[in-house]
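The values are calculated or read from the model by the stated rules, or taken from the named source; none is laboratory data. Being a predicted model, the structure only gives us computed values, none of them experimental. FYI the Cβ positions are ideal-geometry reconstructions off the backbone, even for glycines, and counts take in every protein chain you see. SASA here: full protein model, heavy atoms, side chains in, ligands and nucleic acids out. Shrake-Rupley method; radii C 1.70, N 1.55, O 1.52, S 1.80 Å.
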Amino acid sequence: MTLYFTLLGPIGATADGNPVHVDRPRRRGVLAYLLLNAGRAVTIDQFTTAIWAGSPPSTAKAQIQSEIWALRQTFKSAAGTETIATRPGGYLLEPPAGQYDLGLYRERTSLAR
């Protein structure tokens with residue numbers, strides 16, 4: 001199955017046109033931050049700053065890791081594929097060309113220029 005990620009409008013994903021439920025607000029926030037940084041590894045510190053604006057709870061790292069795990073499980077169940085890679089110091093989401101609305105927008109506006 002093919003995953004398609006959306007950031008412009010409702011944050012989420014579809015698998016072959018069927019909605020993939022990313023129902024928790026923090027989980028959607030983690031997904032949004034990964035999508036905003038598509039193709040670049042995001043560190044725990046970057047997530048912490050983005051989500052808690054400098055006032056993270058002592059459990060921030062564990063909460064981020066838990067949300068990443070849940071997203072991986074959700075996408076694997078929906079599409080049978082790993083989508084979030086672990087990199088030294090962070091996590092990486094690199095949607096293939098054509099499977100990410102912001103990526104398509106950037107590509108098409110570049111072509112239009």
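Carbon and sulfur atoms: what percent of the 1.4 Å accessible area of the stretch 1-52 do they account for?
Carbon plus sulfur share of accessible area: 52 percent.
Take the stretch 1-62, compute every pairwise Cα distance, and split them into 5 Å bins from 0; I just need the percent in each bin.
4, 16, 24, 23, 17, 9, 5, 1
Rounded, prolate or oblate for the stretch 42-92? Axes are the square roots of the Cα gyration tensor eigenvalues, ordered a ≥ b ≥ c, and the cut-off for rounded is a/c under 1.5.
Here the stretch 42-92 falls in the prolate category.
Normalised by the number of residues in the chain, what is the relative contact order in percent for Cα pairs under 8 Å and 6+ residues apart?
Reported as a whole number, the value is 33 percent.
Dipole of the chain, Cα-centred, from +1 at each Lys and Arg C-beta and -1 at each Asp and Glu C-beta, to the nearest 20 debye? Numbers along the way, then the final one.
On the way: 12 positive and 8 negative charges, 35 e Å.
Dipole magnitude for the chain comes out near 160 debye.
Quick one, what does Rg over Rh come out to for the chain if you take C-alpha atoms and the Kirkwood Rh? Each step should come with its number before you reach the end.
Numbers: Rg = 14.1 Å, Rh = 14.5 Å.
Rg/Rh: 0.97.
Testing the spin-label approximation: label points 7 Å from Cα along Cα→Cβ at A50 and W69. State their distance in nm.
For the pair A50/W69, the computed spacing is 2.1 nm.
Just going by the charge dipole of the chain, with Lys and Arg at +1 and Asp and Glu at -1 on Cβ, which of A38, A62, T2 is farthest out on the positive end?
After comparing all options, I get A62.
Counting only Cα, what are the radius of gyration and maximum Cα-Cα distance Dmax of the stretch 70-113, in Å?
13.5, 39
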